[in-house]
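Novice: Here it is: the structure, laid out below.
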Amino acid sequence: MTTLRESLAARIAANGPVTLADYTAEALMHPTLGYYSTRDPLGAAGDFTTAPEISQMFGELIGLSLAQAWINQGQPTPFTLAELGPGRGTLMADILRAAASVTGFVDAAQVHLVETSPTLRAEQAKRVIATWHDDVSTLPDQPLFLVANEFFDALPIRQFHRDPKGWREVQIGKDVTAGLSAPAPIALLDHRLEDTKTGDIVEHCPALPTIIDAIATRIARNGGAALIIDYGDWRSLGDTLQALQNHAPTDPFKDPGQADITAHVDFEAIAKAAAPAKFTRLAPQGMFLERLGITARAQKLEVNLSGDALDQHIAAHRRLTHPTEMGSLFKVMGIYPDTAPPPAGLEP
Ligand code: SAH
């Protein structure tokens, strides 16, 4: 059987170098050999762990923030409760369990999951009843309450190195090795000429604007809210491409399809694509969860715990919120209609 590396090498030999985004799309999402298509990468036995897998509190608080936004907008019925890249379905299951305490919310919710990986769709189906989509374009045209945790960091990026004559783009060439193109001006990076100098690296996620536009258009037209949680910052700078295998960094070009490849999310790109809806100020994850009451929730859960379970619970709370763990590296941005206040935990 041909490996993904061999198939990429053949494609490059025939058609010339590919962009980093094309390479990453194949490495992650190739229908039979891609990283996400062939495994469940989450948890201790996998390659990485995410906030919903660390503690149920994460999904519970997200659920209550979305339910509050639904109440603030007059409890529209029915509405779409959507998640992008739901992994194992843990976050959506926690959202639904916590929001069951909000009268009418779960009955009015139609759960829609956007997921390309057949393996992960099967995991999600163990935990939630839902309708699945390959991409956001087919989400229903009705009020949309949506969450995306560690979804945008998994979308392929292009990477550019500033040069006196423009930008050199990272390309994957002969024998699947990375190199740089000849320098050329790149119109979509014109706004980065003001804050970069020769040698600086900037990244661009080609799929992001279309996805945000589809979400923001629905929210502006029909109401709703989106919570986008990921690592990254406003206008990210530098090489943030990262490959992980067995919880350890690895070379992203060594063994395509065998490692997770991510990059930091440029939240400015999300904000720019959010019109005609509004976007919130960027909040560090720790601050967002504190505002939603994670400490009170942690104390309530603690009452029934002892020994190792209690130690794990305390460590999980710290991991989600502490500035030296996920608390400040991860950020949250909300998208909401101009007729409603921003989602709970976030500021205009
Ligand atoms: N949100 C989950 C999983 C994060 S991993 C959690 O927090 O645990 C990234 C998820 O996005 C996986 O479910 C992966 O299969 C999915 N994914 C990655 N790229 C995608 C794409 N282009 N379209 C749809 N889903 C995608």
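Novice: Beyond 16 Å, how much of the Cα-Cα pair distribution for region 266-348 remains, as a whole percent?
Specialist: 59
Novice: Given the Cα atoms of the chain, and with Rh set as the inverse mean 1/r over their pairs in the Kirkwood sense, what is Rg to Rh to two decimals?
Specialist: For the chain, the value is 0.97.
Novice: P(r) for region 1-67: what percent of alpha-carbon pairs falls in each 10 Å bin, starting at zero?
Specialist: 17, 32, 24, 17, 9, 0
Novice: Using the Cβ atoms and a cut-off under 15 Å, what net charge is assigned to the surroundings of Gly224, where Lys and Arg are +1 and Asp and Glu are -1?
Specialist: Local net charge: -1.
Novice: Angle, helix 4-15 long axis vs. longest principal axis of the chain, Cα atoms, 0 to 90°, nearest 10?
Specialist: 50
Novice: Something else about it: Taking only Cα atoms, what is the 0 to 90° angle, nearest 10, from helix 56-72's long axis to the longest principal axis of the chain?
Specialist: 70
Novice: Now for a different question. Kirkwood Rh and Cα-based Rg: tell me the resulting Rg over Rh for region 163-289, rounded to two decimals.
Specialist: Numbers: Rg = 17.2 Å, Rh = 17.0 Å.
On the Cα set of region 163-289, Rg over Rh gives 1.01.
Novice: What angle, in degrees between 0 and 90 and rounded to the nearest 10, separates the Cα long axis of helix 208-222 from the longest principal axis of the Cα atoms of the chain?
Specialist: 30
Novice: From the phi angles alone, apply the Karplus equation (6.51, -1.76, 1.60; θ = phi - 60°) to region 250-263 and give each ³J(HN,Hα) in whole Hz, x where the residue is Gly or Pro.
Specialist: 9, 6, x, 9, 6, 9, x, x, 9, 10, 6, 10, 9, 8
Novice: Further, regarding this structure: Under 8 Å for C-alpha pairs, at least 6 residues apart: give me the relative contact order for region 1-146, rounded to a whole percent.
Specialist: On the way: 203 pairs, mean separation 34.5, N = 146.
Computed over region 1-146, the figure is 24 percent.
Novice: Moving on to the next point. Taking N as the number of residues in region 75-195, what is its Cα Rg relative to 2.2 N^0.38 Å?
Specialist: Region 75-195 yields a ratio of 1.51.
Novice: On to the next question. Taking K and R as +1 and D and E as -1, what net charge do the other residues with C-beta under 11 Å from the C-beta of Arg39 add up to?
Specialist: Net charge in that neighbourhood comes out at -4.
Novice: Moving on to the next point. Using alpha-carbon positions, what is the distance between the centroids of region 262-298 and region 186-230, in Å?
Specialist: 14
Novice: Compute a Gaussian network model of the chain, connecting alpha carbons closer than 10 Å, and tell me which residue from Gln68, Gln258, Gln312 fluctuates the most.
Specialist: Its mean-square fluctuation being the largest, the pick is Gln312.
Novice: Add +1 for every Lys or Arg and -1 for every Asp or Glu among the other residues with Cβ under 15 Å from the Cβ of Leu64, and state the total.
Specialist: Numbers: positive: Arg97, Arg291, Arg297, Lys300; negative: Glu60, Asp94, Glu290.
Net charge around Leu64: +1.
Just so you know, all these numbers are worked out from the coordinates, no wet-lab data involved. Just so you know, these numbers come straight off a predicted model, no measurement behind them. Ideal geometry is used to build each Cβ from the backbone, glycine not excepted, and the neighbour counts take in all protein chains shown.
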